[in-house]
Amino acid sequence: MRKIILFGAFIALSTSLFAQVAERPAAKKPEFTVIKEIPITSVKNQARSGTCWNYSTLSFFESEILKKSGKTYDLCEMFVCNKNYMDRAICKVRMHGDAQFSQGGSAYDVLYVLKYYGICPEEAMPLPGTLYGDTLNNFNEFFEVMEPYVDAVAKSKAKTISTTWRNGLQGILDAYLGKCPEEFTYEGKKYTPMTFAASLGLNWDDYVSITSYTHHPFYEEFPVEVQDNWRQPGSWNLPIDEMARVIENAIMNGYTVAWGGDVSEDGFNRTGLAVLYDENPEQGLEGSDMARWLGLTTAQRRSEVMQKGFEAPEMTPTQEQRQKEFDNWELTDDHGMLIYGIAKDQNGRKWYMVKNSWGVTGEYKGTWYMTENFIIAKCMDFLVNKNAIPKDILKKLNIK
């Protein structure tokens, strides 16, 4: 009898819960009107590799080429990986192990490779994953082999080491990524990586990195203190409002932006939206009862915010909040993406159109719509053509 009563209670509770779910209306979907959209190359898939920095930045340069010449290129990410991981390993060995060696990187790593090693088209090297029987990148085994090798050299107790270890590491890189060609033919013409890079028609000195923090003076350069910024290039430090102006000015004038930032946030979902949700219990949600709101758990508040979807209230990013989150490790260096457009929803909220490197996935087939507030609040730094920067800001930075 007790089992029957319990079963009946379970059914009643389940029915009540299902009724509540059924009564709750589905989150309203945004309807976007494109304000400005810059031509981009196709969406790629970094798959199981920590190479967003590579895919997003090469995509940025592909868009720069499109803007300048109208030509579409598919530049080779594995060429960049091959060159960059060797350089990073050499850095770790020189530092006797006191440096990070990982899959990650920065936009500057790609710029450095293009400038000093050149580049090749995708077709000049084996397609990602094919050398080890996969159809896409899978760096799991690759780094399980490579990291201990580099560690063993970097932490060697020998008084001196030879450079022979580089040959061994190059063998690992070539086995998993493919050997970088010394010469190749593209569209009937022979190139080396350096002559091919030169043929793209870009000036590598046109590109600058922008950020916004208060622990360094504004209008000066400093290397952003994150581990993947291991080459230590400088980023120009702007007040938050001017950083925001640079991004908008770039897009409106036909320049894309290679954005690096934090996507490990509740407001960044896997379907293609990113919103800087305001979950501050002191403010609550519009129309909610304050006492009830303060009594909800974090998960319950998040559920209510998510229910409002793109219409949920947003926080306004501030200079102080950016600095606080950077210093306490909340604002992290997670992901690189390409900003290529601006849109507005039916409520007039401004969104940036952002190309991802997770394949043709999500509601918008590889594009994420990210609110301006999210882009500014969660930005670590970004790479942009200096000609996309407003003239008054260029003057403050003394960039010619």
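Per-structure values
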quantity: Cross-chain or 6+ apart pairs with Cβ under 9 Å, region 136-159 first and in contact (Cβ under 8 Å) with a residue 40 or more places away in the chain, then assigned to a loop (DSSP other than H, G, I, E, B) and exposed (fewer than 12 other Cβ atoms within 10 Å of the Cβ); calculated: 153/161; 154/96; 154/98; 155/96
quantity: Per-region count, region 354-400, residues within 17 Å of residue 270 (Cβ to Cβ) and outside any loop (DSSP other than H, G, I, E, B); calculated: 9
quantity: Scan of region 212-238 for residues that are among the polar types (S, T, N, Q) and surrounded by 22 or more Cβ atoms within 10 Å (Cβ to Cβ), ordered by number; calculated: 212, 229, 235, 237
quantity: Residues of region 249-273 satisfying the condition of being at pLDDT 95 or above, among the small types (Gly, Ala, Ser) and crowded, with 22+ Cβ neighbours inside 10 Å; calculated: 250, 258, 260, 261
quantity: Search result, residues across region 323-379 that are among the basic types (Lys, Arg), out of contact with any helix residue (DSSP H, G or I) (no Cβ under 6 Å at 6 or more places or on another chain) and surrounded by fewer than 22 Cβ atoms within 10 Å (Cβ to Cβ); calculated: 324, 344, 349, 365
quantity: Region 220-278, residues that are touching a helix residue (DSSP H, G or I) at 6+ places or on another chain (Cβ under 7 Å) and small (Gly, Ala, Ser); calculated: 244, 250, 254, 258, 260, 267, 274
quantity: Per-region count, region 336-363, residues over 17 Å from the mean Cα position of the chain (by Cα) and not basic (Lys, Arg); calculated: 7
quantity: Any hit, region 134-150, residues being among the hydroxyl-bearing types (Ser, Thr, Tyr) and more than 16 Å from residue 76 (Cβ to Cβ); calculated: yes
quantity: From 186, 117, 149, residue being surrounded by 12 or more Cβ atoms within 10 Å (Cβ to Cβ), over 16 Å from residue 83 (Cβ atoms) and touching a Pro at 6+ places or on another chain (Cβ under 7 Å); calculated: 186
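Residue-wise test of (1) surrounded by 12 or more Cβ atoms within 10 Å (Cβ to Cβ); (2) at pLDDT below 95; (3) more than 23 Å from residue 311 (Cα to Cα); (4) more than 19 Å from the chain's Cα centre (by Cα).
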| position | (1), (2), (3), (4) |
| --- | --- |
| 2 | no, yes, yes, yes |
| 8 | no, yes, yes, yes |
| 14 | no, yes, yes, yes |
| 23 | no, yes, no, yes |
| 30 | yes, yes, no, yes |
| 38 | yes, no, yes, no |
| 44 | yes, no, yes, no |
| 53 | yes, no, yes, no |
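The values are calculated or read from the model by the stated rules, or taken from the named source; none is laboratory data. Please read these numbers as outputs of a predicted model, since none were measured by experiment. Because the Cβ atoms are built from the backbone with ideal geometry, glycine has one as well, and the counts that use them run over all protein chains shown.
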